[in-house]
1. Yes or no: the range 147-164 includes at least one residue that is free of Cβ contacts under 8 Å to residues at least 60 places away in the same chain and under 27 Å from Val290 (Cα atoms).
2. For the range 261-279, check the following and say yes or no: at least one residue is farther than 30 Å from Ile159 by Cα and either in contact with a strand residue (DSSP E or B) (Cβ under 6 Å, 6 or more places away or on another chain) or of a type outside the set (Phe, Trp, Tyr) (or both).
3. Could you list all residues from the range 124-150 that are of a type outside the set (S, T, N, Q) and either within 18 Å of Gly250 (Cβ to Cβ) or in contact with a strand residue (DSSP E or B) (Cβ under 8 Å, 6 or more places away or on another chain) (or both)?
4. Give the range 208-222 a look and list any residue that's open to solvent by less than 70 Å² (accessible area, probe 1.4 Å) and under 17 Å from Gly284 (Cα atoms), or say none.
5. When only residues in the range 267-282 that are surrounded by 24 or more Cβ atoms within 10 Å (Cβ to Cβ) and hydrophobic (A, V, I, L, M, F, W, C) count, which is modelled with the lowest pLDDT?
6. Report, by residue number, each residue of the range 41-86 that is in contact (Cβ under 8 Å) with a residue 12 or more places away in the chain, in contact with a strand residue (DSSP E or B) (Cβ under 8 Å, 6 or more places away or on another chain) and surrounded by 12 or more Cβ atoms within 10 Å (Cβ to Cβ).
7. Kindly establish whether Asn306 is within 19 Å of the chain's Cα centre (by Cα), on the phi < 0 side of the Ramachandran plot and open to solvent by 20 Å² or more (accessible area, probe 1.4 Å).
8. Does at least one position in the range 193-203 carry a residue that is surrounded by fewer than 18 Cβ atoms within 10 Å (Cβ to Cβ), closer than 23 Å to Ile10 by Cβ and at pLDDT below 90?
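The values are calculated or read from the model by the stated rules, or taken from the named source; none is laboratory data. Since this is a predicted model, take the numbers as computed values, not measurements. For neighbour counting, all protein chains shown are included, and Cβ atoms are generated from backbone atoms with ideal geometry for every residue, glycine included. Note: areas computed on protein heavy atoms with side chains; ligands, DNA, RNA excluded. Shrake-Rupley method; radii C 1.70, N 1.55, O 1.52, S 1.80 Å.
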Amino acid sequence: MELGQIILQILNGLDKGSAYALIALGLTLIFGTLGVVNFAHGALFMIGAFCAVVTNKLLSLEHITLSATEKTPWGTAKEIRVPYAEQWFGEFGHHLIDYAVPVSILLTIPVMVLIGYAMERGVIKHFYKRPHADQILVTFGLAIVLQEIVKANFGANPIQTPAPAALSGSYDMGLLMGFPADVVVYPIWRLIYFCFSAIIISAVFAFLRYTTFGMVVRAGMADRETVGLLGVNIDRRFTIMFGVAAAVAGLAGAMYAPINSPNYHMGMDFLVLSFVVVVVGGMGSLPGAVAAGFLLGVLEGFASLNEIKALIPGIDQIIIYLVAIVILLTRPRGLLGKKGVMEE
């Protein structure tokens, strides 16, 4: 295999691994703070993608007016459709429509925080002291409800949500690495998605490490009762962290919309794989979730090569599960898991 092809597969893996890592990061945040196995987390990823769809539709709203220049065959003014954004803001409005996906971040963050807060206060808090099986059942039920609401309002078919025109092409990364032209050419938006994921992951880790709020949350994750005895309302902070985890999943979904057209089932497609990522990384370990997400994404990228699939048919569909089995047989707590987590 040539070096250029290897680099391409690594990029493919990092792109898919970015989505795994962001979803697994949110899952681990919720499990680490509240001890809840949240099967509705994939649905939050899906809702984030539909925030991008809604933003695109809102910015593209248009009305019918009479053209000042175009005429019908009968000599009357021709009716044309004009987006409100273009009519009100001119050229800026046109760019606003084009950049609907990045702009959707402004809608996604408050919407996802509110949904996360409502889920935690409305349903999940009543299951803190219940067995994990009950938590899985109720959160899986929530996921089905959210999925059906989206299906009823947006239909069952995928909805195309394009990236900005200037960012829709490909970039010849090989030239930067000294390769001849057209050896390592990669879609620009996928590179942006990887960089975006790295920024979000870094921001979450920095928030937990360098802010007083984050330090208290980490202390609460290690010993909830002791932190509570110091007079800290740890429950309220954990509720906020649920909203943060929901926002991380939503942002992952919104920026992923141009890569995979949003549909009501996309969250469920990612959920199972993301749980495997969490288990491989180690339950409750944030660095483990991120590392496992990228590792499994890269392995999946290589397994999807035609040469590999010709040798072992279907390997791209099962590689993640095979790696998970091997890792759990050799390291039962996962790559960076801690003793005592999910072992009682």
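1. no
2. Filtering the range 261-279 down to residues farther than 30 Å from Ile159 by Cα leaves 279.
After this cut, where a residue has to be either in contact with a strand residue (DSSP E or B) (Cβ under 6 Å, 6 or more places away or on another chain) or of a type outside the set (Phe, Trp, Tyr) (or both) as well, the list is 279.
Yes: one or more hits.
3. Answer for the range 124-150, where residues must be of a type outside the set (S, T, N, Q) and either within 18 Å of Gly250 (Cβ to Cβ) or in contact with a strand residue (DSSP E or B) (Cβ under 8 Å, 6 or more places away or on another chain) (or both): Ile124, Leu142, Ala143, Val145, Leu146, Ile149, Val150.
4. Across the range 208-222, the qualifying residues are Leu208, Gly214, Val216, Val217, Ala219, Gly220, Met221.
5. Residues of the range 267-282 that are surrounded by 24 or more Cβ atoms within 10 Å (Cβ to Cβ), as a first pass: 267, 270, 274, 277-278, 280-282.
Next cut, hydrophobic (A, V, I, L, M, F, W, C) only: 270, 277-278, 280.
Working: Phe270: 82, Val277: 86, Val278: 85, Val280: 88.
Checked the range 267-282; the qualifying residue modelled with the lowest pLDDT is Phe270.
6. Our first condition is that a residue be in contact (Cβ under 8 Å) with a residue 12 or more places away in the chain; within the range 41-86, this holds for 41-56, 59-67, 78-85.
Next, from what is left, pick out any that are in contact with a strand residue (DSSP E or B) (Cβ under 8 Å, 6 or more places away or on another chain): 59-67, 78-84.
Within the range 41-86, Leu59, Ser60, Glu62, Thr65, Ser67, Lys78, Ile80, Val82, Pro83, Tyr84 qualify.
7. no
8. no
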